[in-house]
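The structure under discussion appears below in the form of structure tokens.
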Amino acid sequence: MEMAEPGLCRLLVDCLKRGGPAVEAARLSGLTQEDRQAFLALAAAQRVRPLLWHRLTQKGLCDAVPAEAAEALRNASLRNTMSNLRLYGELRRLLFALKREGIPLILLKGIYLADALYGDIGLREMHDIDVLARPADLTRVADILMNMGYIPEQPIDADITINADHHLPTLVKKGCGSFEVHWNLTRSGDSYNIDPVGLWERSMPVHIAGCDAMALSPEDLLLHLCMHVSYQHRFAFGLRPLCDIAETIARFGPTLDWQVIIERAGLWGWQRGVYLALQLARELAGADVPAGIMEKLRPADMTEDVLEIACAQVFTDKNLVYSIPTPFAELLQSRGLWDKNRIFWERVFLPKAIIAAQYSVPADSARIYGCYLRRFVDVLRRHGHTMTQYRRDEQVKAVVERTSRIACWLSGQAISRK
């Protein structure tokens with residue numbers, strides 16, 4: 001199923017939302033057995049079950065939840081707490097090792113949010129740990145993680161990474177999760193790329209998992225969350241990142257320098273994504289963004305259908321969305337043969353630095369040319385099935401259209417209406 005039933009989506013939003021009108025207990029107690037199962041499945045897909053149970057407790061709605069559903073939510077919360085405790089244990093080992101060598105680390109997104117913002121490490125679901133290191137420290141951080149038993153998904157070459165991506169290949173340890181070691185928040189080739197030096201200059205010390213570390217400044221943190229959910233994931237991460245935005249504003253609201261946020265969003269070319277992410281966070285997660293700030297951020301061509309498209313993407317099946325990357329969606333939506341060929345070949349003939357990183361081959365090696373043939377075959381294998389589905393499946397067509405239209409609007413292009 002492409003999207004969950006709208007009534008259940010609205011119920012989940014109302015239960016999770018900070019502030020807002022009270023949720024009538026009858027909306028929960030009156031769910032049929034089938035609807036209860038669908039509601040729990042929706043919360044699981046959105047990765048908000050622990051937070052949902054917490055909100056139900058806060059709002060005095062636990063008794064309205066049938067015993068079987070309440071037990072499922074409690075168990076999900078307990079499992080998530082245990083999983084996060086393992087992650088924090090691994091982070092603690094890494095931070096102690098880095099401290100001995102004087103290597104600083106900035107904690108990104110979930111691992112920092114759960115402890116410092118949510119106030120309970122069990123409330124925020126996460127399966128990996130994202131950190132930011134200085135380029136000169138990437139190799140050493142990776143070495144320490146490999147000594148801890150983590151295995152990179154691809155061979156690690158820091159020089160290739162810096163030229164091709166914004167993080168090292170993911171390092172995975174069975175039963176313990178994974179680490180993603182970033183050197184920047186954006187890839188060098190992204191139109192919304194930034195220089196990470198300022199992030200370090202504005203970073204602040206924090207105490208997490210019993211260790212000293214660094215975190216982004218509150219303004220940079222909020223901007224990063226908005227950019228991550230909009231430009232990098234086209235709102236396909238569901239409600240969880242919107243809840244993160246709402247929690248960040250709730251935690252730092254009185255001290256947030258909104259003028260700095262507005263100016264930095266414009267300077268970095270993030271204004272559209274920041275506006276749309278904040279607007280969705282207001283409507284779906286109860287983020288307390290001042291109306292005057294939204295007016296200052298609002299792009300001149302913002303229309304209601306842009307918000308509706310992004311909102312629909314939030315509740316779309318994530319596996320379906322991730323099977324259709326933005327360039328592929330744009331290819332399928334292109335009407336002219338010239339545009340289709342151009343997009344396809346651009347996706348095959350990526351810059352040498354990116355091909356080198358993907359296939360673990362030195363960029364100056366003659367073997368790089370053979371990798372382009374592999375890339376051609378990989379693109380056909382990866383997207384051939386989706387192309388067939390696109391011709392036959394209305395759900396796939398809808399996702400392709402939304403993905404393409406969101407990308408067009410974020411890039412400043414006129415959004416077509418069909």
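The values are calculated or read from the model by the stated rules, or taken from the named source; none is laboratory data. Worth saying up front: this structure is predicted, and the values here are computed from it rather than measured. Because the Cβ atoms are built from the backbone with ideal geometry, glycine has one as well, and the counts that use them run over all protein chains shown.
Things worth noting here:
- The one condition in (1) touching a Ser or Thr at 6+ places or on another chain (Cβ under 9 Å); (2) farther than 28 Å from Tyr192 by Cα; (3) at pLDDT 80 or above that His385 fails to fulfil: (3)
- The stretch 142-201: number of residues that are in a helix (DSSP H, G or I) and either among the charged types (D, E, K, R) or assigned by TED's automatic domain parsing to the domain that holds Gln232 (or both): 3
- Scanning the stretch 22-81 for residues that are under 17 Å from Gly7 (Cβ atoms), free of Cβ contacts under 8 Å to residues at least 12 places away in the same chain and not in a helix (DSSP H, G or I) yields a total of 3.
- Scan of the stretch 175-192 for residues that are touching a Gly at 6+ places or on another chain (Cβ under 9 Å) and loosely packed, with under 15 Cβ neighbours inside 10 Å, ordered by number: Ser191
- Candidates Gln58, Gln37, Gln33, filtered to the one that is in contact with a Pro (Cβ under 9 Å, 6 or more places away or on another chain), loosely packed, with under 15 Cβ neighbours inside 10 Å and at pLDDT 90 or above: Gln33
- Filtered residues of the stretch 106-132 (kept if in a loop (DSSP other than H, G, I, E, B) and in contact with a Leu (Cβ under 6 Å, 6 or more places away or on another chain)): Leu123, Arg124
- Selection within the stretch 67-83: residues that are in contact with a helix residue (DSSP H, G or I) (Cβ under 6 Å, 6 or more places away or on another chain) and of a type outside the set (Ser, Thr, Tyr). The member of this set that is nearest to Asp128 (Cα to Cα) is Asn80.
- Some residue of the stretch 94-109 being β-branched (Val, Ile, Thr), surrounded by 21 or more Cβ atoms within 10 Å (Cβ to Cβ) and modelled with pLDDT under 95: no
- Summed over the stretch 226-278, residues that are surrounded by fewer than 19 Cβ atoms within 10 Å (Cβ to Cβ), under 15 Å from the mean Cα position of the chain (by Cα) and outside any helix (DSSP H, G or I) total 1.
- Pick from the stretch 82-93, criterion in contact (Cβ under 8 Å) with a residue 40 or more places away in the chain and over 22 Å from the mean Cα position of the chain (by Cα), ranking: surrounded by the most Cβ atoms within 10 Å (Cβ to Cβ): Arg93
- Yes/no for Leu221 being part of a helix (DSSP H, G or I), out of contact with any Gly (no Cβ under 9 Å at 6 or more places or on another chain), hydrophobic (A, V, I, L, M, F, W, C) and under 30 Å from Glu401 (Cα atoms): no
- When the stretch 282-310 is limited to residues that are in a helix (DSSP H, G or I) and of a type in the set (Lys, Arg), the one that is surrounded by the most Cβ atoms within 10 Å (Cβ to Cβ) turns out to be Arg282.
- The residues of the stretch 126-136 that are of a type in the set (Asp, Glu) and modelled with pLDDT of 95 or more amount to a single one, Asp130.
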